[in-house]
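Asks: The structure follows.
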Amino acid sequence: MKAIVFREGSQWAVESIEKPVPGPGEALLRVIQTGVCGTDEHLLHGGFIAKFPLIPGHEMVGEVVELGPGEANAVVGDNVVVDNTVLCGKCHACREGNDLFCENFGSLGCNMPGGFAEYVVVDSSKVYPIGDLDPDVAVFAEPTACAVHGVDILNLKPASDVLIFGAGPTGLILSQLLKTAGAARVTVAAPTASKLEVATALGADHTVQVDRSNPEAASAALRDIAPRGFDAVIEATGSTAVLELAVSHTKTGGTVLVYGLAGENDTAAIKPYEVFSRELTIKGSYAQVHCLGRALFALQTGRVRTEGLITSKLNLDTFDQALANLHDSEQIKTIVSSR
């Protein structure tokens with residue numbers, strides 16, 4: 001079969017490799033399409049939890065085409081989305097109920113074979129039939145699951161005033177989920193006008209354009225919206241400069257959620273006295289476990305809408321363009337077909 005393979009030294013290629021065979025408890029999927037995520041680029045360069053050689057792609061939609069011996073948890077012919085997490089269930093973290101921090105954490109597309117291929121083998125207990133849901137909507141199930149986990153971690157109070165920095169797929173999904181989880185008002189701040197238009201169309205109450213080279217310049221507009229700051233501020237860009245700005249726009253007693261994936265060695269300047277004296281809470285949100293069912297339900301019910309999010313559709317042979325799109329400010333989400 002054809003697959004994208006990442007190798008040491010930030011190298012990648014479209015390769016012909018052996019088609020996988022499902023074992024007991026597994027299902028073979030024909031990949032329909034897979035979403036491209038900024039995490040994929042981090043993985044290419046050896047970041048996050050990359051293990052080479054790697055077939056990336058963790059946002060998969062596929063068709064069940066074969067089942068392993070004795071398998072009965074999946075149905076051949078179903079179109080499904082996949083919870084890409086693989087948990088050992090035996091380590092200290094798993095036994096304590098902290099599955100997300102499994103000491104043997106596996107993730108399809110991150111340190112195990114993923115969906116940028118024609119076929120992928122998955123644990124059949126991790127597939128979720130999508131019924132008649134359009135694959136162009138279902139492909140957002142995994143990023144929506146990560147956003148569900150972020151909303152769980154944030155734990156908003158009813159009628160909260162929330163600011164999100166970032167209008168990529170995550171920011172746009174979060175801006176909608178927060179309205180179902182306690183936010184009375186959501187403001188989205190980001191550099192690209194076209195993305196902010198999508199944010200408005202999807203229900204954001206306010207948008208503020210941010211200059212990438214001078215994020216602080218947006219402060220006046222944000223102060224006009226919330227003079228005393230926001231109850232919760234979500235940093236969904238991975239920028240340390242934006243994280244510093246997020247702290248300054250958090251209301252006394254409020255919460256900052258670090259959601260964006262920064263470099264492992266990046267640092268931000270945060271004043272401990274400010275955290276102490278204003279009783280700020282700083283939380284992190286890392287991936288997800290056990291959230292995909294709720295994410296799929298949010299997409300099926302229309303609580304999370306995806307109109308305008310897909311801006312490019314490519315295939316495995318044009319994966320170079322998919323990576324380039326991650327640096328194009330007008331692109332929101334690129335989808336790669338397996339064919």
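The values are calculated or read from the model by the stated rules, or taken from the named source; none is laboratory data. Here the structure is a predicted model, which means the values were calculated and not measured. Please note: Cβ atoms are built from the backbone with ideal geometry, for glycine as well, and neighbour counts cover all protein chains shown. These accessible areas exclude ligands, DNA and RNA; they are computed on the full protein's heavy atoms, side chains included. Shrake-Rupley method; radii C 1.70, N 1.55, O 1.52, S 1.80 Å.
Asks: Kindly check whether there is at least one residue in the range 75-82 that is modelled with pLDDT of 95 or more, open to solvent by 30 Å² or more (accessible area, probe 1.4 Å) and closer than 23 Å to residue 105 by Cα. Can you show your working first?
Replies: The first filter runs over the range 75-82 and keeps only residues modelled with pLDDT of 95 or more, leaving 76-82.
Still in the list and also open to solvent by 30 Å² or more (accessible area, probe 1.4 Å): 76-79.
Then drop every residue that is not closer than 23 Å to residue 105 by Cα, which leaves none.
Checked against the condition, which is being modelled with pLDDT of 95 or more, open to solvent by 30 Å² or more (accessible area, probe 1.4 Å) and closer than 23 Å to residue 105 by Cα, the range 75-82 yields no hits at all.
Asks: Only residues that are surrounded by fewer than 16 Cβ atoms within 10 Å (Cβ to Cβ) and either without any contact (Cβ under 8 Å) to a residue 12 or more places away in the chain or not in a loop (DSSP other than H, G, I, E, B) (or both): list them for the range 91-104, please. Steps first, answer last, please.
Replies: Of the residues in the range 91-104, the ones surrounded by fewer than 16 Cβ atoms within 10 Å (Cβ to Cβ) are 92, 95-98, 101, 103-104.
Answer for the range 91-104, where residues must be surrounded by fewer than 16 Cβ atoms within 10 Å (Cβ to Cβ) and either without any contact (Cβ under 8 Å) to a residue 12 or more places away in the chain or not in a loop (DSSP other than H, G, I, E, B) (or both): 92, 95, 96, 97, 98, 101.
Asks: Moving on to the next point. Give the residues of the range 7-32 that are touching an Asp or Glu at 6+ places or on another chain (Cβ under 8 Å) and not aliphatic (A, V, I, L, M), sorted by residue number.
Replies: 19, 22, 24, 25, 26, 30
Asks: Quick one: would you say residue 182 is modelled with pLDDT under 95, within 17 Å of residue 158 (Cα to Cα) and either touching a Leu at 6+ places or on another chain (Cβ under 6 Å) or open to solvent by 40 Å² or more (accessible area, probe 1.4 Å) (or both)? Let's see the steps before the verdict.
Replies: Details: modelled with pLDDT under 95: yes; within 17 Å of residue 158 (Cα to Cα): yes; either touching a Leu at 6+ places or on another chain (Cβ under 6 Å) or open to solvent by 40 Å² or more (accessible area, probe 1.4 Å) (or both): yes.
It is true that residue 182 is modelled with pLDDT under 95, within 17 Å of residue 158 (Cα to Cα) and either touching a Leu at 6+ places or on another chain (Cβ under 6 Å) or open to solvent by 40 Å² or more (accessible area, probe 1.4 Å) (or both).
Asks: Which numbered condition trips up residue 61, out of (1) hydrophobic (A, V, I, L, M, F, W, C); (2) assigned to a loop (DSSP other than H, G, I, E, B); (3) touching a Pro at 6+ places or on another chain (Cβ under 9 Å)?
Replies: (2)
Asks: Next up: Take residues that are in contact (Cβ under 8 Å) with a residue 60 or more places away in the chain and out of contact with any Ser or Thr (no Cβ under 9 Å at 6 or more places or on another chain) and tell me which of the strands (runs of 3 or more DSSP E) falling wholly in the range 166-240 contain 1 or more. Steps first, answer last, please.
Replies: Working: elements: 183-190, 206-209, 230-235.
It comes to 230-235.
Asks: So in the range 139-179, with the set limited to residues that are over 30 Å from residue 62 (Cα atoms) and aliphatic (A, V, I, L, M), which one is surrounded by the fewest Cβ atoms within 10 Å (Cβ to Cβ)?
Replies: Ranking the candidates gives 159 first.
Asks: A follow-up question, please. Can we say residue 275 is part of a helix (DSSP H, G or I) and either modelled with pLDDT of 95 or more or under 22 Å from residue 107 (Cβ atoms) (or both)? Reasoning before the result, please.
Replies: Details: part of a helix (DSSP H, G or I): yes; either modelled with pLDDT of 95 or more or under 22 Å from residue 107 (Cβ atoms) (or both): yes.
Against the criterion (part of a helix (DSSP H, G or I) and either modelled with pLDDT of 95 or more or under 22 Å from residue 107 (Cβ atoms) (or both)), residue 275 qualifies.
Asks: Now for a different question. Residues in the range 207-217: is at least one open to solvent by 10 Å² or more (accessible area, probe 1.4 Å), under 23 Å from residue 308 (Cα atoms), out of contact with any helix residue (DSSP H, G or I) (no Cβ under 8 Å at 6 or more places or on another chain) and not small (Gly, Ala, Ser)?
Replies: Within the range 207-217, one or more residues are open to solvent by 10 Å² or more (accessible area, probe 1.4 Å), under 23 Å from residue 308 (Cα atoms), out of contact with any helix residue (DSSP H, G or I) (no Cβ under 8 Å at 6 or more places or on another chain) and not small (Gly, Ala, Ser).
Asks: Can you list residue pairs whose Cβ atoms sit under 9 Å apart, with the first residue in the range 142-153 being under 15 Å from residue 127 (Cα atoms) and of a type in the set (A, V, I, L, M, F, W, C) and the second being part of a helix (DSSP H, G or I) and open to solvent by less than 20 Å² (accessible area, probe 1.4 Å)? Count only pairs 6 or more apart in sequence or on different chains.
Replies: 145/292; 145/295; 145/296
Asks: If you don't mind, there's one more thing I want to ask. Looking at 125, 107, can you tell me which residue is outside any loop (DSSP other than H, G, I, E, B), among the hydroxyl-bearing types (Ser, Thr, Tyr) and in contact with a His (Cβ under 8 Å, 6 or more places away or on another chain)? Lay out the reasoning, then the answer.
Replies: Values: 125 fails: in contact with a His (Cβ under 8 Å, 6 or more places away or on another chain).
Being outside any loop (DSSP other than H, G, I, E, B), among the hydroxyl-bearing types (Ser, Thr, Tyr) and in contact with a His (Cβ under 8 Å, 6 or more places away or on another chain) holds for just one of 125, 107, which is 107.
Asks: Could you grab me the full set of residues in the range 207-250 that are polar (S, T, N, Q) and over 16 Å from residue 171 (Cα atoms)? Break it down into steps so the answer makes sense when it comes.
Replies: Filtering the range 207-250 down to residues polar (S, T, N, Q) leaves 207, 209, 213-214, 219, 237, 239-240, 248, 250.
Passing the criteria: 213, 214, 219, 240, 248, 250.
Asks: Going through 316, 326 one at a time, which residue ends up being touching a residue at least 40 places away in the same chain (Cβ under 8 Å) and more than 25 Å from residue 218 (Cα to Cα)? Quick ask: steps written out before the conclusion?
Replies: Values: 326 fails: more than 25 Å from residue 218 (Cα to Cα).
Just one listed residue meets the conditions, 316.
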